[in-house]
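Novice: I'd like to ask you about the structure that follows.
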2 protein chains.
Amino acid sequence: MSDAKIRRPRAETPKGFRDYFGAEVAERKAMLDKITAVYHRYGFDPLETSAVETVESLGKFLPDVDRPNEGVFAWQEEEADWLALRYDLTAPLARVAAQYRNDLPSPYRRYAFGPVWRNEKPGPGRFRQFYQCDADTVGAPSVAADAEICAMLADALEAAGIERGDYVVKVNNRKVLNGVMEVAGLSGDDKEAERGIVLRAIDKIDRLGADGVRALLGEGRKDASGDFTKGAGLSDAQAEVVMGFTSAKRDTGQATVARLRELVGTSALGLEGVDELEQIAALLAAQGYGPDRIVIDPGVVRGLGYYTGPVYEAELTFEILDEKGRPRQFGSVAGGGRYDDLVKRFTGQSVPATGVSIGVDRLLAALRAKGRIGTDTTGPVIVTVMDRDRMADYMGMVGDLRAAGIRAEVYLGNPKNFGNQLKYADKRGSPVAIIQGGNEAAAGTVILKDLILGAQIAQNATLEEWKDRPAQVEVPRAELVAAVRRMLDAG
Amino acid sequence: MSDAKIRRPRAETPKGFRDYFGAEVAERKAMLDKITAVYHRYGFDPLETSAVETVESLGKFLPDVDRPNEGVFAWQEEEADWLALRYDLTAPLARVAAQYRNDLPSPYRRYAFGPVWRNEKPGPGRFRQFYQCDADTVGAPSVAADAEICAMLADALEAAGIERGDYVVKVNNRKVLNGVMEVAGLSGDDKEAERGIVLRAIDKIDRLGADGVRALLGEGRKDASGDFTKGAGLSDAQAEVVMGFTSAKRDTGQATVARLRELVGTSALGLEGVDELEQIAALLAAQGYGPDRIVIDPGVVRGLGYYTGPVYEAELTFEILDEKGRPRQFGSVAGGGRYDDLVKRFTGQSVPATGVSIGVDRLLAALRAKGRIGTDTTGPVIVTVMDRDRMADYMGMVGDLRAAGIRAEVYLGNPKNFGNQLKYADKRGSPVAIIQGGNEAAAGTVILKDLILGAQIAQNATLEEWKDRPAQVEVPRAELVAAVRRMLDAG
């Protein structure tokens, strides 16, 4: 700073990052408070790990080179570990479950929320820091834990403001899918590439439809732009088995399970998966979570490789308009599943775990789209400054208002231009402005301007409907708080 | 992971970082909720910037080299900017105030809380990630803004649970100090080193006492360990002027201000500072913030170089025991001041700003030391599993309890060993365990064990006082919720 020649720094949020202001912060907090209250009621405890992990613990070293995967923000400590920002909340949980395994209760139910970081190319609506809100149960082998997470997810969505009927939690099981792969002759180690293509194809069924998926199972698919995606090269018979799986959904969970049982044939893994789905369906039905909330749906795959059993996903079923004004389904806002091998990375011992992650920004966007945010974003009452020397009087007024629980502030900019004070009040969304000039001070009164009413009158030429509500009143100073409260209650 | 030879990663929090579990997270949240509610009532809006900033914007490039200061966690983007984790919440605010200067209301009042990161050597109780909670007003030149922050800080501390009398907010003004420097002949550009030593010496007066500070103003000081700290080399006359400043505090703000006015003599800057302190004292007195809450105290310096006017600090005045069991004052938990030049770095134009930062972890530690946390950390009611095949029944029970707002969960570990289930309930701090074996199921009943009462009875041999409260009851299944509630209310 002492060198005058140093050029001025740019005031810019780094590329791919963003700032959250006022209502955005308040709305997210209100939503997370509602969701975590549900998690708490289900017996889950909060956990907050540090934002920084060793790259080793994240498992994000590139194979064979001692350099972190490009997807994480990482740096090397002087002659020490590579450190990185967490890219999700699951990897830190696996580390915690291993590190504190002798101290934590088992099963360990925890929820966590906070930012995660991805070192990826930013795009429209794609940021390199975003919030997740997770709940996981570590150490519970029973699928009752998976069923519980699904029920809790449904409850959390409703608590956040998504009405019943506007969402559905879909449940599937990777073991069933792997059983189907066995039946289709795709289970060998040498078939890993094909299985990957099949998984990704099924994952896209909502977008591509059955024909698109079928093409990807075979030779491949040309999309609308002419780009060709190579397929898995399955034979017709193999593809039929897989397509049978994608269309196995029936009207009831029972019927879907029965159809899946046919499809997995004698595959032991597949049968185990079907049994698990049947148990989950029975547990949820017994608690009254019907298909209006949670359904068995073989279309759900979940991209991540680490899932080992049940997988689940919450979809919002209402339509919103996309950037081109076309209606489309809102889609997925949460997903998860069972990952029995993540803790094993550290300890060598398999530890059963299952959990869900809510995409906080997407769910917030959905609530905004449906007008269900419901956070009070009213600005403060503004006490204007007519006479700089009487600042103590003005601060006394806000003091009285705040003591009565009313959000209030004195205008602290340059008070010379009164118009600027009212513009400021407008920008803050203030409901009421207080004015006390010399005359009022001498008379022991204050003037209250109803800014909400004023704005309504300004928008609407006929004053008829407001004739009984004056937009401005003068009251004794002693009645300031009561008069402001009346004005706020009327607004 | 496909390579079996890869050694297992260590499950370790990175050095200098830590994890926060359960009650620690809940307690911090409860405290921040109370503090930010006060900020909100004062008209402050939340702001959440990204954790990542460009090093350029943070101003943390080392002079003359294109490499970030070692105090920040930084990394270079591929052929692009250096990025770094924020080290406080003030630098990002200055960036935001410059970047959005045409859109933000002016004055802009914002609060923010969240982790900040320091790339420093970790030590006992010294972490490289910790929370701050800040409130700042940008664009308000009047010291009314400083007075408001001091009043708000006092209110926030009381809201958090620090009782009146257990804290004091001390206010001073850098201009007064600089005026005193002028009088002492220490105002030239060539005297920067001396001024630095003087500032740091005054800052240590609580710890070193007047004699220690006096030594540091002169030749230097040898501490108890024998280490010598070089002094500012002031003449006796110069040192007397400075010492007069450190001992200028009088019983009332008015008297202190009068004494300071004598000390700054004809220094214009000093007189400006004294006038500002006088205004602040008058504004606070008019609102009833007496010396039991806020005092003018020339001993407050605040280390940071960027303060340009009023500075303030909140100290807790009660004693706690240090690590060696000796009583000592708890000390500072918050501090701040006016920094009119931080935004100027970006825009070239001076923007007045003032704000406070609360040391979240220190304040939490103080509340814990005083037993004023008051967060409910009761564990969930545990429904034990006596018969794995009746899991749906057990889940129905927790469903009923949760629907009634009672925190509850089914034991989801391996149910074979019933003792493990009770150990788990104990580890979770459960107040009540529910048991339904085959006999109870056949009879349509459940057994409730009062675990809190059980623990009390176990600690106390005489059962006399609990004779009317059975530690275990059997009730019809239909009365489960009511019976649990009775037990919780009695506990």
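Novice: Would you be able to tell me the number of residues in the stretch A:203-223 that are of a type in the set (Asp, Glu) and part of a loop (DSSP other than H, G, I, E, B)? If you could, list the steps in order and put the result at the bottom.
Specialist: If we filter the stretch A:203-223 for residues that are of a type in the set (Asp, Glu), which is where we start, we get A:203, A:206, A:211, A:219, A:223.
Now drop any that are not part of a loop (DSSP other than H, G, I, E, B), which leaves A:219, A:223.
The total comes to 2.
Novice: Kindly indicate which of B:338, B:362, B:345, B:328 is of a type in the set (D, E, K, R), buried (at least 16 other Cβ atoms within 10 Å of the Cβ) and free of Cβ contacts under 8 Å to residues at least 60 places away in the same chain.
Specialist: It is B:362.
Novice: Identify all residues within the stretch B:118-136 that are buried (at least 24 other Cβ atoms within 10 Å of the Cβ) and either within 11 Å of chain A (Cβ to nearest Cβ) or part of a helix (DSSP H, G or I) (or both); write none if there are none.
Specialist: Listed by number, the list is empty, since nothing qualifies.
Novice: Given B:20, B:42, which one is open to solvent by less than 40 Å² (accessible area, probe 1.4 Å), among the aromatic types (Phe, Trp, Tyr) and in contact (Cβ under 8 Å) with a residue 24 or more places away in the chain? First the steps, then the outcome.
Specialist: On the way: B:20 fails: in contact (Cβ under 8 Å) with a residue 24 or more places away in the chain.
The match here is B:42.
Novice: Can we say residue B:207 is without any contact (Cβ under 8 Å) to a residue 24 or more places away in the chain and out of contact with any Phe, Trp or Tyr (no Cβ under 6 Å at 6 or more places or on another chain)? Break it down stepwise before answering.
Specialist: On the way: without any contact (Cβ under 8 Å) to a residue 24 or more places away in the chain: yes; out of contact with any Phe, Trp or Tyr (no Cβ under 6 Å at 6 or more places or on another chain): yes.
Yes, satisfied.
Novice: Please determine, by comparing only the residues of the stretch B:270-284 that are under 15 Å from residue B:250 (Cβ atoms) and either under 27 Å from the mean Cα position of the chain (by Cα) or open to solvent by less than 50 Å² (accessible area, probe 1.4 Å) (or both), which one is farthest from the other protein chains (Cβ to nearest Cβ).
Specialist: Per the criteria, the residue is B:274.
Novice: Related question: Among (1) of a type outside the set (S, T, N, Q); (2) modelled with pLDDT under 90; (3) assigned by TED's automatic domain parsing to the domain that holds residue A:262, where does residue A:191 come up short?
Specialist: (3)
Novice: I've got another one for you. Mind checking which residues of the stretch B:398-434 are in contact with a strand residue (DSSP E or B) (Cβ under 7 Å, 6 or more places away or on another chain), of a type in the set (A, V, I, L, M) and within 10 Å of another protein chain (Cβ to nearest Cβ)?
Specialist: Hits for the stretch B:398-434 are B:398, B:401, B:406, B:408, B:410, B:412, B:425.
Novice: Related question: For the stretch A:254-267, how many residues are under 14 Å from residue A:178 (Cα atoms) and touching a residue at least 12 places away in the same chain (Cβ under 8 Å)?
Specialist: Within the stretch A:254-267, residues that are under 14 Å from residue A:178 (Cα atoms) and touching a residue at least 12 places away in the same chain (Cβ under 8 Å) number 6.
Novice: Oh, and also: Quick check on my filter: what residues within the stretch A:372-396 are more than 9 Å from chain B (Cβ to nearest Cβ) and touching a Lys or Arg at 6+ places or on another chain (Cβ under 8 Å)?
Specialist: A:378
Novice: Which one of B:154, B:210, B:215, B:159 is open to solvent by 20 Å² or more (accessible area, probe 1.4 Å), within 30 Å of residue A:390 (Cβ to Cβ) and not polar (S, T, N, Q)?
Specialist: Details: B:154 fails: open to solvent by 20 Å² or more (accessible area, probe 1.4 Å); B:210 fails: within 30 Å of residue A:390 (Cβ to Cβ); B:215 fails: within 30 Å of residue A:390 (Cβ to Cβ).
It is B:159.
Novice: Read through the list (1) under 17 Å from residue B:280 (Cα atoms); (2) modelled with pLDDT under 95, then give the number of the only condition that residue A:398 fails.
Specialist: For residue A:398, the exception is condition (2).
Novice: Additional query: Based on what the data block shows, is residue B:379 touching a Ser or Thr at 6+ places or on another chain (Cβ under 6 Å), over 29 Å from residue B:176 (Cβ atoms) and open to solvent by less than 10 Å² (accessible area, probe 1.4 Å)? Can you show your working first?
Specialist: On the way: touching a Ser or Thr at 6+ places or on another chain (Cβ under 6 Å): yes; over 29 Å from residue B:176 (Cβ atoms): yes; open to solvent by less than 10 Å² (accessible area, probe 1.4 Å): yes.
In short, yes.
Novice: Right, next: Of the residues that make up the stretch B:40-56, is at least one closer than 30 Å to residue A:405 by Cβ, at pLDDT 95 or above and more than 8 Å from chain A (Cβ to nearest Cβ)?
Specialist: Here is the first cut: in the stretch B:40-56, the ones closer than 30 Å to residue A:405 by Cβ are B:40-49.
Next, from what is left, pick out any that are at pLDDT 95 or above: B:40-49.
Now narrow it down to the ones that are more than 8 Å from chain A (Cβ to nearest Cβ): B:44.
Yes: the stretch B:40-56 contains one or more residues that are closer than 30 Å to residue A:405 by Cβ, at pLDDT 95 or above and more than 8 Å from chain A (Cβ to nearest Cβ).
Novice: Could you pull out every one of the strands (runs of 3 or more DSSP E) wholly within the stretch A:224-340 that has 3 or more residues that are modelled with pLDDT of 90 or more, touching a helix residue (DSSP H, G or I) at 6+ places or on another chain (Cβ under 8 Å) and in the same structural domain as residue A:94 (by TED's automatic domain parsing)? Walk me through it before giving the result.
Specialist: On the way: elements: A:228-230, A:294-296, A:310-321, A:327-338.
Filter on the stretch A:224-340 gives A:294-296, A:310-321, A:327-338.
Novice: Restricting attention to the stretch A:137-195, and to residues there that are in a strand (DSSP E or B) and more than 12 Å from chain B (Cβ to nearest Cβ), which single residue is nearest to residue A:372 (Cα to Cα)?
Specialist: As a first pass, look at the stretch A:137-195 and keep what is in a strand (DSSP E or B): A:137-138, A:167-173.
Narrowing the set further to residues that are more than 12 Å from chain B (Cβ to nearest Cβ) leaves A:167-173.
Numbers: A:167: 14, A:168: 18, A:169: 20, A:170: 23, A:171: 26, A:172: 30, A:173: 33 Å.
Out of the qualifying residues, it is A:167.
Novice: Now a separate question. Taking residue A:345 as the residue in question, decide whether it is charged (D, E, K, R) and either outside the structural domain of residue A:100 (by TED's automatic domain parsing) or in a loop (DSSP other than H, G, I, E, B) (or both).
Specialist: On the way: charged (D, E, K, R): yes; either outside the structural domain of residue A:100 (by TED's automatic domain parsing) or in a loop (DSSP other than H, G, I, E, B) (or both): no.
It is false that residue A:345 is charged (D, E, K, R) and either outside the structural domain of residue A:100 (by TED's automatic domain parsing) or in a loop (DSSP other than H, G, I, E, B) (or both).
Novice: Now a separate question. Return only the number of the condition from (1) facing chain A (nearest Cβ under 8 Å); (2) farther than 22 Å from residue A:151 by Cβ; (3) touching an Asp or Glu at 6+ places or on another chain (Cβ under 8 Å) that residue B:364 does not satisfy.
Specialist: All conditions pass for residue B:364, except number (1).
Novice: Looking at (1) of a type outside the set (Phe, Trp, Tyr); (2) under 27 Å from the mean Cα position of the chain (by Cα); (3) surrounded by fewer than 22 Cβ atoms within 10 Å (Cβ to Cβ), can you tell me which one residue A:255 breaks?
Specialist: Tallying (1) of a type outside the set (Phe, Trp, Tyr); (2) under 27 Å from the mean Cα position of the chain (by Cα); (3) surrounded by fewer than 22 Cβ atoms within 10 Å (Cβ to Cβ), residue A:255 fails exactly one: (2).
Novice: If you check residue A:413 against the conditions, is it under 30 Å from residue A:30 (Cβ atoms), touching a Phe, Trp or Tyr at 6+ places or on another chain (Cβ under 7 Å) and not hydrophobic (A, V, I, L, M, F, W, C)?
Specialist: Values: under 30 Å from residue A:30 (Cβ atoms): yes; touching a Phe, Trp or Tyr at 6+ places or on another chain (Cβ under 7 Å): yes; not hydrophobic (A, V, I, L, M, F, W, C): yes.
Taking the combined requirement at face value, the residue satisfies it.
Novice: I'm trying to understand the selection: among the residues of the stretch A:99-119, which are under 20 Å from residue A:358 (Cβ atoms) and of a type in the set (D, E, K, R)? Walk me through how you get there before you give the answer.
Specialist: Within the stretch A:99-119, the first condition is being under 20 Å from residue A:358 (Cβ atoms), and the residues that meet it are A:108-118.
If the condition is that a residue be under 20 Å from residue A:358 (Cβ atoms) and of a type in the set (D, E, K, R), then A:109, A:110, A:118 are the ones that fit.
Novice: Scanning for something within 11 Å of chain A (Cβ to nearest Cβ) and under 25 Å from residue B:287 (Cβ atoms), does the stretch B:71-86 turn up at least one residue?
Specialist: The answer is no; no qualifying residue exists.
The values are calculated or read from the model by the stated rules, or taken from the named source; none is laboratory data. Since the model is a prediction, treat every value here as computed from it, not as a measurement. Neighbour counts run over all protein chains shown; Cβ positions are idealised from the backbone, glycine included. For accessibility, only protein heavy atoms count, side chains too; no ligands or nucleic acids. Shrake-Rupley method; radii C 1.70, N 1.55, O 1.52, S 1.80 Å.
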